[in-house]
Amino acid sequence: MNAFPQIFAFYSFKGGVGRSMAVLNLAYALAAVGRNVLILDMDLEAPGLSGFLDRNREIPGFAALDMVDLVKWASTTSLPLDPLSFPLLSEYVVSVPREKLQGNSSTNSEPGRLDILPVEEERDYYERLTALAMGSYDQEALVQIGSILRAWIKSLRFPIEVPDYYGPTAERAAAYDYVLVDSRTGITETGGLCIGPLSDQLVVLTALNDQNVKGTCKFLKEVGILESLPPSSTVADPPRERTGPRPGSKPCLIIASLVPAGEIETKRKRLKHLEESLGKVVVKLSYHPQLALQESIFTRDYRDEYLAHEYDTLLRQILNMAGDGNDDALPERLTRRKHSPAEFRETLHRLLRSATVSGSENLLLFLLSEAIRLEIKNEDDFILWDRVCRALSGEAQASSLSVITQWANLLSQWSLYSIDSGLAALRIEAAMNRYKQVCESDKATSRRKAEALFNRGVTYGLRGEREKELADYSAVIQITDAPLDLMANAFFNRGVTHGEQGEPQMAIDDYSSIIQMTDAPAEQKAKALFSRGMMFGQLGQPQKEIDDYSAVIQMDDAPAEHKAKALINRGVTFGQLGQPQKEIDDYSAVIQMTDASAEQKAEALFNRGVTHGEQGEPQMAIDDYSSIIQMTDAPAEQKAKALSSRGMMFGQLGQPQKEIDDYSAVIQMDDAPAEHKAKALINRGVTSRQLDEPQKAIDDYSAVIQMDDAPAEHKAKALINRGVTFGQVGESQRAIDDYSAVIQMDDAPAEHKAKAFFNRGVAYEQQRQLQKAINDYSTVIQITDVLPELKVTTLVNRSWAHYSAGRHREAIEDGRQAVSLNPSDWTAHNNLAISLLVFGQTAEALQSYEAAIALADSAQLDEITADLRAAIDKNGPLTGAEDIIDRIEARRQVLMRE
């Protein structure tokens, strides 16, 4: 296809051969097939075309300036050109009103734009024409004027209307497709300018009499065209110089015009003589008696007349010369498997411009459905497919309602990829309007209405409008003759929505409706059974859950994908019921399926590995994880999970180097999700800390903290672990800083914040900043959803901090609360006991010591003894202390004998 706009100069050696009418008829015909056309009336001395349009009110008047003024501008402009100084198009051009243009019914196309750059004879015409003094310019000057006009024309852009939902970045200006120049007759300066540097291609009209034929041939020889005319087609468009092509290098179409209807033999001889003189076939335009009465636009007003048909032939010839003709191979090209996205888009663009689009409706509708199914993501592609929908949705199309439904689906999908919420809203609104159009149409079949209602329901669901979503699915279900597959899909989607709204029984009812349908497709029944099983699981009915999964597994015609999912879920349920062997058997069944997907096999292997690990079979777990790692087609996420889990198993087996190697493999994966990389870094850091390599641990935790895409949970864990490591190497302030960073995170989970407060309290206590420690412990205790064991430990620690600060009443209160929450915690009893003893409540202290001593092992007995002696050193002799020491020694002897 040649670059647009294509500039065609229409020339004739003599006047009166119908040149201006040919320009007009062709222009209206081009506009009718959706092309944007600009006419230049360059017959400055006799602007008949402008006069015709004005007299017949085809144009609403004239612009501020006209063609004479434009040529004057070009003649006074010097090179090099500055495009910013070009005259405004709106100052010169006047448009033919849209109602005077007709779309072409054969292509179902909307009319294009038709603009005129006329000559206004009522505004100082003769004075301006005389001042122009075209005869005073030499050839070099004429070439420069033509080149300047050509550059201006090629730069022209006019505003176009696009839907608001295209967004601000969509192109809102377009170039003309065709510029038709009505040239001056004869050998003149203006004619030379038009056929020379201004135009891309020539159309030469001649009558068949001797004077016209000889004059035309002489002209063609003079300008070097006759020698260069090939006998073949003239569709080629050779490379052009920047300043415009020379006449002899241009494609040229010859038209025999005003050919009489009668005089058959003479006419044939004259046509043959013309073709022999030119060495090629010419296009024929017949004389029509109407032309003797009035000039007419046959391509619009007299479509049934023979001259209109001949203009249609000329139209096809011009389209072909511009590389813009119909290409019957375009539909076939769209179905090729091997083409780049850019080639596909270009072919689709060309098909939309051609008449072939009318016969390609079914193909385009199929390709549109496929594009939506595969999910369009590119903004330009959404706009392109929107244009396809516009081309296919006219009233003339038998399946226009189907197109409108797909159009709504396209707009709905487009809204999901919209970053701008305002544009998303506009696209959704446009989608909803189209769904409504189908639902309310009297011409819509039950299937069409059901499709529109169903898809609108999906769209409402994506917008979070659950009640409207449910209403549309219910409307589909109530259509008695709705297609079975759509009805089953409506039941299924309504069930999913009920489940998401916390209405499991209503979801179960909908899934049951599908299961009870005798002729529902097997895939939909399998999906319904599977989903109902999940609902039974949510309701705490595991046996019914297992029964539904088993029903899917036993179906002969259930897709392999659904059988594998049912086996995996049944295995999980068996595991929850404490039946690990049945669980393992189900995972094994998936692994052995030949038609299960790689992802499902990897999931089954992973789950089986976890179960083996829980059963104390680490080597079997390692084998399963290794199987996933060795799979060439396992998803990256599952490989990363398998490597991390295998690393943990190696850790349990006391093989830290293999453990570290697996974590490192995850970290080095290009396609591992950030979450898994962060977890592997944390785990590798923990292992390094256990191997007494604190700096390596700190480096791994720091790497997580610096990750832009690590989840907040993992960043919080890394900060806590780094804080612990800093504490272990004696950098308590850096530890406190890390715990504080977690506390200040807006998105850190509550459990991690509680852990950070606890650890910071411990660090403050080690620094003897007891009040700060007490404050942090108090924050942990006040967190409502803190883990019970952390709450007990925090109470124990706060009890000791109070004791250390001499606040014995508070220490006793915390000790008693800790003991009540966990009577088997020896530290809680010990802290309570020493506080009571120092506070002088000897009897109760002895009871608490008795409990602490009974729960403690030898090392813990040493701690109890050390705490007691420290209290004596600080407070002096304590009543009952010697008795307590004796009891500790007695217990130690018992433990030694045991």
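Summary table
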read-out: Val181, sole failed condition from (1) in the same structural domain as Val282 (by the TED database); (2) open to solvent by 20 Å² or more (accessible area, probe 1.4 Å); value: (2)
read-out: The stretch 140-157, residues that are touching a residue at least 24 places away in the same chain (Cβ under 8 Å), out of contact with any helix residue (DSSP H, G or I) (no Cβ under 6 Å at 6 or more places or on another chain) and not in a loop (DSSP other than H, G, I, E, B); value: Ala141, Gln144, Ala151, Trp152, Ile153, Lys154
read-out: All positions within the stretch 524-578 that are among the acidic types (Asp, Glu) and open to solvent by 50 Å² or more (accessible area, probe 1.4 Å); value: Asp547, Asp556, Asp557, Glu561
read-out: Residue check for Val71: crowded, with 17+ Cβ neighbours inside 10 Å, hydrophobic (A, V, I, L, M, F, W, C) and part of a helix (DSSP H, G or I); value: yes
read-out: Failed condition for Ser513, given (1) at pLDDT 95 or above; (2) within 16 Å of Val458 (Cβ to Cβ); value: (2)
read-out: Candidate set from the stretch 30-52 (those that are of a type in the set (A, V, I, L, M, F, W, C) and assigned to a loop (DSSP other than H, G, I, E, B)); member that is nearest to Leu114 (Cα to Cα); value: Val33
read-out: Condition met for Phe219 (touching a residue at least 12 places away in the same chain (Cβ under 8 Å) and farther than 24 Å from Gly34 by Cα); value: yes
read-out: Some residue of the stretch 647-656 being surrounded by fewer than 22 Cβ atoms within 10 Å (Cβ to Cβ), more than 40 Å from the chain's Cα centre (by Cα) and farther than 30 Å from Ala634 by Cβ; value: no
read-out: Filter result for the condition that a residue is buried (at least 16 other Cβ atoms within 10 Å of the Cβ) and closer than 21 Å to Ser199 by Cβ, over Leu253, Leu307, Leu274, Leu258; value: Leu253
read-out: Residue list for the stretch 406-422, restricted to those being surrounded by fewer than 19 Cβ atoms within 10 Å (Cβ to Cβ) and of a type in the set (A, V, I, L, M, F, W, C); value: Leu416, Ile419
read-out: Top-ranked residue of the stretch 449-477 - restricted to ones that are at pLDDT below 95 and polar (S, T, N, Q), ranked as farthest from the chain's Cα centre (by Cα); value: Asn455
read-out: Only one of Thr299, Thr313 that is farther than 21 Å from Leu49 by Cβ and in a helix (DSSP H, G or I); value: Thr313
read-out: Any hit, the stretch 37-57, residues being surrounded by 13 or more Cβ atoms within 10 Å (Cβ to Cβ), assigned by the TED database to the domain that holds Leu315, within 40 Å of the chain's Cα centre (by Cα) and touching a residue at least 24 places away in the same chain (Cβ under 8 Å); value: yes
read-out: Helices (runs of 4 or more DSSP H) wholly inside the stretch 363-477 containing at least 2 residues that are over 25 Å from Val162 (Cβ atoms), touching a helix residue (DSSP H, G or I) at 6+ places or on another chain (Cβ under 9 Å) and of a type in the set (Gly, Ala, Ser); value: 446-462
read-out: Test: residue in the stretch 614-629 that is closer than 23 Å to Ala589 by Cα, in contact (Cβ under 8 Å) with a residue 40 or more places away in the chain and in a helix (DSSP H, G or I); value: no
read-out: Among the candidates Arg466, Arg494, Arg447, residue that is farther than 25 Å from Ile376 by Cβ and either open to solvent by 60 Å² or more (accessible area, probe 1.4 Å) or of a type in the set (S, T, N, Q) (or both); value: Arg466
read-out: Residue, farthest from Gln6 (Cα to Cα), within the stretch 155-177, restricted to residues that are touching a Phe, Trp or Tyr at 6+ places or on another chain (Cβ under 9 Å) and surrounded by 15 or more Cβ atoms within 10 Å (Cβ to Cβ); value: Tyr165
read-out: Lone unmet requirement of (1) open to solvent by 40 Å² or more (accessible area, probe 1.4 Å); (2) outside any helix (DSSP H, G or I); (3) farther than 30 Å from Asp623 by Cβ for Asp670; value: (3)
read-out: Residue count, the stretch 1-34 (criterion: in contact with a helix residue (DSSP H, G or I) (Cβ under 7 Å, 6 or more places away or on another chain), open to solvent by less than 10 Å² (accessible area, probe 1.4 Å) and of a type in the set (S, T, N, Q)); value: 2
read-out: Conditions (1) in contact (Cβ under 8 Å) with a residue 60 or more places away in the chain; (2) under 24 Å from Thr190 (Cα atoms): number failed by Leu101; value: (2)
read-out: Test result for Lys679, touching a His at 6+ places or on another chain (Cβ under 8 Å), within 28 Å of Gly730 (Cα to Cα) and buried (at least 22 other Cβ atoms within 10 Å of the Cβ); value: yes
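The values are calculated or read from the model by the stated rules, or taken from the named source; none is laboratory data. Just so it is clear, the model here is predicted, and its values are computed rather than measured. Cβ coordinates were reconstructed from backbone atoms using ideal geometry, including for glycine residues, and neighbour counts include every protein chain displayed. These area figures cover heavy atoms from the full protein model, side chains too; ligands, DNA and RNA do not enter into them. Shrake-Rupley method; radii C 1.70, N 1.55, O 1.52, S 1.80 Å.
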